[in-house]
Amino acid sequence: MARSMFRLCYLAGWLLAAPLGLTGCATGDTRPHGVPVQLVETEPAAIQPERVGELVFKGAVALQEGRKTVGGLSSLRVSPDGRQFIAISDRGDKVAGRLSYRPDGTLTGMDDLIKAPLLESDGSALQGGKNDTESLAMIGPWPGDGWVVGFEREHRLLRYGPALAGVKPVPLDGPAGLKELDFNAGLETALMLADNRLLLIAEGEAAGAPGLHRAWVGRSGNWVEFRYQGHPPFLPVDAANLPDGGILVLERRVGMLGGWGSRIVHIDAKALAVGTMAGATLAGREIARLDPPLLTENFEGIDVRPAKDGRVFIHIISDDNFFVLQRTVMMMFEWKP
């Protein structure tokens, strides 16, 4: 869906449904590396119940100022200790920062933000319709041996080195059918699975197949196509690895009356096994749903980090589309699979 429609739908939902916003006290201005940021530390009880589906709410923070500088975040990767994160902006930027917590593990801060531009394969700056970076796959364990970035509008895959920003990438041979995706409904999801296969899911539905999305798994020049089973009107926008080889998929919807909503879907590791995916339909189980009056936004990024006792922590981050009525929000949940 075009960004203008997203904005129209959000405006209608904001005016008519009035989803709850973040409340709390400002933690002050920071200006690391030229990025002015003011954060709001939230009071969890004021905005979210303790449990959301199978998840336990563990805090949320929102960017208050500096929105013109940092925004449009469309994919998310978080360090195993939860202290650092990397996201990409739909204007072709890497955005990295630091996360902080209360002693009980509740998320309270997102600061020390650094923004740096990604480059084209010839070393030039990403410009115009070529800078819509929507999906981010990390190669190897944190901080990564490299990155695969999926682009929308001009659908393609580029492989970057460990620094991600400021380095020339190498074009990858994408799957057949990649160029056929709708203009603004391309690869919102890219994830490197535990066995080093790259998983790709298109945001748009396959022609004549409501709720089914074209998807691929494999490596450059060697792809297997399958279908991802969504739940209309929700659309898949990112995915994250679980310690047991399964994944979580983040889905997002927007409506004229209801504003934004999200689902988090669990897909078992057995469904991702080598040799089982060609022509298959990959369906998961919903573990949580965010709809008004819960805190909702245009959540487009998800990542998971494990705890020692078998729990996992789930982070999601929103794309504000650089629009005044939207926000960059990070939320965190706890889940015991």
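One line per residue, one yes/no per condition, for (1) in contact with a helix residue (DSSP H, G or I) (Cβ under 6 Å, 6 or more places away or on another chain); (2) not β-branched (V, I, T):
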{"residue": "I267", "(1), (2)": "no, no"}
{"residue": "L272", "(1), (2)": "no, yes"}
{"residue": "G279", "(1), (2)": "no, yes"}
{"residue": "E300", "(1), (2)": "no, yes"}
{"residue": "V304", "(1), (2)": "no, no"}
{"residue": "L325", "(1), (2)": "yes, yes"}
{"residue": "E334", "(1), (2)": "no, yes"}
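Considering region 74-192, the qualifying strands (runs of 3 or more DSSP E), each wholly inside and each with 1 or more residues that are open to solvent by 10 Å² or more (accessible area, probe 1.4 Å) and on the phi < 0 side of the Ramachandran plot, run over 84-89, 93-101, 107-117, 133-139, 156-160, 187-192. Restricting F299, F323, F226 to those that are at pLDDT 95 or above, over 14 Å from the mean Cα position of the chain (by Cα) and either open to solvent by 10 Å² or more (accessible area, probe 1.4 Å) or of a type in the set (A, V, I, L, M, F, W, C) (or both) reduces the list to F226.
Listed here are the residues, each with its yes/no results for (1) in contact (Cβ under 8 Å) with a residue 60 or more places away in the chain; (2) part of a loop (DSSP other than H, G, I, E, B).
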position	(1), (2)
M277	yes, yes
P293	yes, yes
E297	no, yes
E300	yes, no
H315	yes, no
F322	yes, yes
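In region 151-166, the residues that are closer than 17 Å to R77 by Cβ reach residues that are assigned to a strand (DSSP E or B) and of a type in the set (F, W, Y) with C-beta atoms within less than 6 angstrom, at least six apart or across chains, in these pairs: Y160/W147; L164/W147. Considering the conditions (1) under 21 Å from the mean Cα position of the chain (by Cα); (2) free of Cβ contacts under 8 Å to residues at least 40 places away in the same chain, G208 is excluded by exactly one of them, (1).
Residue under question is R263, and the condition is that it be charged (D, E, K, R), crowded, with 16+ Cβ neighbours inside 10 Å and modelled with pLDDT of 95 or more; does it hold?
yes
On inspection, N241 passes the criterion of being among the polar types (S, T, N, Q) and closer than 20 Å to L76 by Cβ.
The values are calculated or read from the model by the stated rules, or taken from the named source; none is laboratory data. Owing to the predicted nature of the structure, the values given are computational and were not obtained by experimental measurement. Cβ: placed from backbone, ideal geometry, glycine included. Neighbour counts: every protein chain shown. Heads up: the accessible areas ignore ligands, DNA and RNA and are worked out on the full protein's heavy atoms, side chains in. Shrake-Rupley method; radii C 1.70, N 1.55, O 1.52, S 1.80 Å.
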